[in-house]
1. Which of the residues that make up segment A:130-167 are under 13 Å from A:SER226 (Cα atoms), within 14 Å of chain B (Cβ to nearest Cβ) and not in a strand (DSSP E or B)?
2. Which ones in segment A:162-172 are touching a residue at least 12 places away in the same chain (Cβ under 8 Å) and more than 15 Å from the chain's Cα centre (by Cα)?
3. Looking for something buried (at least 24 other Cβ atoms within 10 Å of the Cβ) and part of a strand (DSSP E or B) - is there at least one such residue anywhere in segment A:247-261?
4. Only one residue in A:VAL73, A:VAL81 is of a type outside the set (S, T, N, Q), within 14 Å of chain B (Cβ to nearest Cβ) and in contact with a helix residue (DSSP H, G or I) (Cβ under 7 Å, 6 or more places away or on another chain), so which one is that?
5. Could you say which residue among B:ARG37, B:ARG53 is of a type in the set (D, E, K, R) and more than 20 Å from B:ASP235 (Cα to Cα)?
6. Just to be sure before I move on: is B:LEU82 assigned to a helix (DSSP H, G or I) and surrounded by fewer than 24 Cβ atoms within 10 Å (Cβ to Cβ) in the structure I sent?
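The values are calculated or read from the model by the stated rules, or taken from the named source; none is laboratory data. As the structure is a prediction and not an experimental result, all values here were calculated from the model. Here Cβ is always computed from backbone atoms with ideal geometry, including for glycine, and neighbour counts include all displayed protein chains.
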Protein chains: 2
Amino acid sequence: MTQRLATIVVDGGTAAALVDGDAVSLLGYRDAGDALRSAPIDRLDQARTGDERSISDVVFAPVVPNPSKIVCVGLNYRDHVLEMGRELPAAPTCFAKFSAALIGATDNIEIPPVEVSDAVDWEVELCVVIGSPVRNATAAEAIASIAGYTIMNDISMRDWQTRTIQFLAGKTWEHCTPVGPGIVPVSELGDGSGLAVSCDVNGVNKQASNTDELVFNAVDLVQDLSKVFTLEPGDLIATGTPGGVGAGRDPKEFLKNGDVVTTTIEGIGTLRNTCVQTSI
Amino acid sequence: MTQRLATIVVDGGTAAALVDGDAVSLLGYRDAGDALRSAPIDRLDQARTGDERSISDVVFAPVVPNPSKIVCVGLNYRDHVLEMGRELPAAPTCFAKFSAALIGATDNIEIPPVEVSDAVDWEVELCVVIGSPVRNATAAEAIASIAGYTIMNDISMRDWQTRTIQFLAGKTWEHCTPVGPGIVPVSELGDGSGLAVSCDVNGVNKQASNTDELVFNAVDLVQDLSKVFTLEPGDLIATGTPGGVGAGRDPKEFLKNGDVVTTTIEGIGTLRNTCVQTSI
């Protein structure tokens, strides 16, 4: 198993770190995005500061706390699209999320009071992390631009998402989107195919699929989006979610205060986040 | 006329500046966003560096080059909604733009080759600039959080905007969205109502309306969006565009290499940008 690049909470802010099993080595960068803007993911050993910690003593921050772009993709799992009776899309359905939405791998999901939203839903997603700038990428340039992969749960306020034809307002609620715990290098996961993805709520499985079902995989998405803009180091592309979300169930199920959401991707790890209702 | 807060190009980057008629006074901040994060817009005089220039000698950068959030609003002019036979919306239609899209008030709009997009369109928009952090704002808190107003032309690749149900891919093309030239303080423009807005292409008027026609005005939008997240200093809210866009004409009209787009809002100023076809 190769090392993972993470961002951990330290006094006064955050630090990038390499995680190897239980060992956490701090790097001389503010966070994983800062590290990726400075050096390739497989050349970060030289930036070790000598500050070594045990994984049980660290708290993970959002793995890239402040990406220049967070793109999320909808309707991108073949099994889910077909079970809904829809046709496979010809282009990826892309929308944005702001970095203020991001939280760490074990942080609380700060859900709003029920009178503000009573339709908070889960979405396990494989998340691509860009490692080097790329524009109008070929397939080879696309894979070369990817640093690695992490996990995002694209927590969605369905009532806000569907109040108009544009999803943004339901997709970027502050302090609601866990991302992490670490970035697994592309050298280990290739194009990110063949990975089991799942989401449990209070220990009950709700979503279970495999990234083989992606209509547009990591390489396709980098090629497509890099026509529109330059993808930069630390940019995140959340590749979409399979079936099993709360809004698709009969009866519908949504997250409430105290619920524990466990989001797992094979070969990457697990996010474990508790929903805590907060005032806004 | 009060001073406007701008961002100008200097050796090695950008600097915030106060513009008073033809006089430009540089401030000790990297850009207008940096300035707004440091002091209220009406307290920036004390940050003058003594570097004074003439407006004919300066080039404007995107007025906030790197906002933490750029929110755009669709379907927000009453006259345009009604002429399209639609009902007035109950909530604002919000989508995002990434800061890599932004250009300065006289920069070239870098349109893609026609085989990539042949549907590049114009959209004059009054743009709210946030001055102080605000969450879940009352109307009074909303107006108090606004630093002022600037102009955005939300240049849109209609073919990319409508390829799926989400607008993002057509709304955030790199180096295509002029914003500026300066920020006119809220003390001068109030809630931004009563301002004539217009867009000309090659000297021919295409859009002409007034911000009195906004369905959701600046205060409404700050109140709404601040439920979802904290609006931060330098954040931009583009309030939508009136009728007269190229896609709504018969026959449709789109921008091509060499076209000059002139975007004007009463009391704020003018953006003047030339379309230059570039490879991507």
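1. Selection gives A:PRO133, A:ARG135, A:ASN136, A:ALA137, A:THR138, A:GLU141.
2. Within segment A:162-172, A:GLN166, A:PHE167, A:LEU168, A:ALA169, A:GLY170 qualify.
3. no
4. It is A:VAL73.
5. Matching residue, one of B:ARG37, B:ARG53: B:ARG53.
6. So B:LEU82 passes the test.
Residue-by-condition table, conditions (1) in a helix (DSSP H, G or I); (2) within 14 Å of chain A (Cβ to nearest Cβ); (3) closer than 14 Å to B:GLY104 by Cβ:
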| position | (1), (2), (3) |
| --- | --- |
| B:VAL9 | no, no, yes |
| B:LEU26 | no, no, no |
| B:GLN46 | yes, no, no |
| B:THR49 | no, no, no |
| B:GLU52 | no, no, no |
| B:SER68 | no, yes, no |
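Residues checked against (1) at pLDDT 95 or above; (2) part of a loop (DSSP other than H, G, I, E, B); (3) crowded, with 24+ Cβ neighbours inside 10 Å:
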site: B:ALA169; (1), (2), (3): yes, no, yes
site: B:TRP173; (1), (2), (3): yes, yes, yes
site: B:PRO181; (1), (2), (3): yes, no, yes
site: B:VAL184; (1), (2), (3): yes, no, yes
site: B:SER198; (1), (2), (3): yes, no, no
site: B:ASN205; (1), (2), (3): yes, no, no
site: B:ALA208; (1), (2), (3): yes, no, no
